[in-house]
Amino acid sequence: MLDQRLNIGRDQDVGSPKAGNSIGLTDHRDSFLSALTVAITDYAPRTYVRLRAQRVLVLEPDRVSIRMAPPFSGVPTQHVVIVDETKYFANCAWDSFGIPAALHRPGRVHSRCEQSGEPLNLEIGLQGPPPCSWLFHCLVPAAKWWDAIVFT
């Protein structure tokens, strides 16, 4: 029987050295996880820098934590989008339209007008938002957004 060959009792963990594991599952697993951790720690920051250069990610100052993966925000914002009862934060009003589009699902946007503080709630369908009289105004021209993307 396999249990007898590995000298494992029912109440013992297979990966535990106390289990009498003669084939060293714990050692191999720990070595693998250590190597994987080193590879990710070394590779991820370089990958993040390349993705930032392509404007796919915005990193926090630690250069490891993701601040933005447009249209998704890695930090809470006033722009809340609900899709299939899951709450997401958008980076800005413009990105709040992008979340339902990225997920190919209808959603609800909850935000506020920065000028008046008035709550803004909008249903976004698969074809986009319904016609309305709202205006989207940016102080910074779109061509300059990535010059200071967190401010924009």
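Computed from the coordinates by the stated procedures, all read-outs in this text should not be read as laboratory data. What you see is a predicted model; the values in this text were computed from it and never measured. Don't worry about glycine lacking a Cβ; one is built from the backbone with ideal geometry, like all the others, and counts go over all protein chains shown.
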Legend entry - DSSP-defined antiparallel bridges as percent of all bridges, the stretch 61-152, nearest 5: 100
Legend entry - Neighbour-count order for 104, 110, fewest beta carbons within 10 angstrom listed first: 104, 110
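Which value, in debye to the nearest 20, gives the size of the charge dipole of the stretch 68-147 about its Cα centre, when Lys and Arg are +1 and Asp and Glu are -1 at the Cβ? Walk me through the numbers before you get to the answer.
Details: 5 positive and 7 negative charges, 10 e Å.
With Lys and Arg at +1 and Asp and Glu at -1, about 40 debye.
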Legend entry - Segment residue 86-residue 118, length gained on full extension (0.36 nm per residue, minus Cα span): 9.2 nm
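Quick check: net charge around residue 56, other residues with Cβ under 13 Å of its Cβ, Lys/Arg +1 and Asp/Glu -1?
The answer is +4.
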Inset, instruction - Determine, for 146, 94, the number of other Cβ atoms within 10 Å of each Cβ, and report the residues in order from fewest to most. - result: 146, 94
